[in-house]
Amino acid sequence: MARPDPARSRRIMDRLKLRHLRLIDAIVEARSLSAAAAMLNITQPAASKGLREIEDLLGLPLFVRSARGLTLTMFGRSLVAHGKTIQSEVRHITEELEAVADGNAGEVRVGAMLVSLPWLLPAALRLMRERAGQAPVRIIEGVQDVLVQELRSGAVDMIVGRLAPIDTRERLTQEVLLHEPMVVVAGARHPLTRRAVSYADLAACRWILPPADSVVHSSVLQLFAQHGLANPEPFVETTSYLMSRTLMIEQDAIAALPLAVVRRDIERGDLAMLPVRFPHEPLAVGVVTVAERRLSPAASQLMFCLREVAKDAVPALVPALEPMRPARRRR
């Protein structure tokens, strides 16, 4: 790999403008120079000149013409990804300065995964408000892959949820706050809640599973493989707890979920826990941030409150369960 050229980097930093990045985004959206120019309220010659300036500055082609219009090259795709991060950082600077001038701390954008929603985030937000934190907080719920993209682009300040292995080249930082056990649950009136249960019984059930690339998905399959059983057919694949809860209560489906997610429904008698021990450690739950990106005062305050709430949390213990009957192996 070629060594970075400091002189070239300085030249690009001196001459690259935000208007260049906005022009590239407009061309990507419009697929033509004329339409991009109309979006930006500039003339087409001005748009052509701006594109030529940035391609000459970088010394690389950013677009190719095709039947579908202008499409990004591999260099263009890389520039767009980094450009979004640069523009997001400028927005953050502007918002933080305006917030400081107004006596506030700026908005916090949080990417939230399912495991953080029932109590961890709400408890941290309550503590933040009790400490006079008045900054608005925007919660963006989603799955890990999507939220990581949002974090990279600067659309969210942090992700709170299950921690998964990350590529060291991602320049992301993970902080473990607590560990959350997984449990298998069903509607309180499910037939398996009223008798002894075997793994074969579980294999015959209607399973609600997360997507195939999920840690929980592979753990459920491992549960049956280690007892010599075929994988259960998924009844539904979803990350929606509302959907899962409805299917468990109304259609006798079962699911494997973090205890924090289902605890209240178990306590209310809507769901019941089945005697299943998972062959893996509890889920690591925590916060993901971008290593080189400084958090705003409001985001830093929320991070502190998350740590405080997690530190004071009572460990989530799975109640003692009767041992399950082993499955009969096929001859």
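Bear in mind that the values in this text are calculations on the coordinates, not laboratory data. Given the structure is predicted, the values throughout are model-derived calculations rather than measurements. Glycine gets a Cβ as well: all are built from the backbone with ideal geometry, and neighbour counts include every protein chain shown.
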If you place +1 on the Cβ of every Lys and Arg, -1 on the Cβ of every Asp and Glu, and leave all else neutral, what size is the dipole of the chain about its Cα centre, to the nearest 20 Debye?
720 debye
With an 8 Å cut-off on Cα pairs and a minimum separation of 6 or more residues, tell me the relative contact order of the chain in percent.
21 percent
With the alpha-carbon atoms as the only input, what is the per residue convex hull volume for the chain in Å³?
204 Å³
Bin width 10 Å, alpha-carbon pairs only: give the P(r) of region 182-274 as whole percents, running from 0 to the bin holding the largest distance.
17, 54, 27, 1
If eta is 1.567 mPa s and T is 4 °C, what Stokes-Einstein diffusion coefficient results for region 6-84, Kirkwood Rh from Cα pairs, in µm²/s?
102 µm²/s
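Among the complete DSSP H segments of the chain, which ones combine at least 30 Å of alpha-carbon extent along their axis with a mean Kyte-Doolittle hydropathy of -0.5 or more?
Helix filter hits for the chain: 74-102.
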Specify which residue in the list Leu114, Ala36, Val160 is farthest towards the positive end of the charge dipole of the chain, using unit charges on the beta carbon of Lys, Arg (+1) and Asp, Glu (-1), about the Cα centre.
Ala36
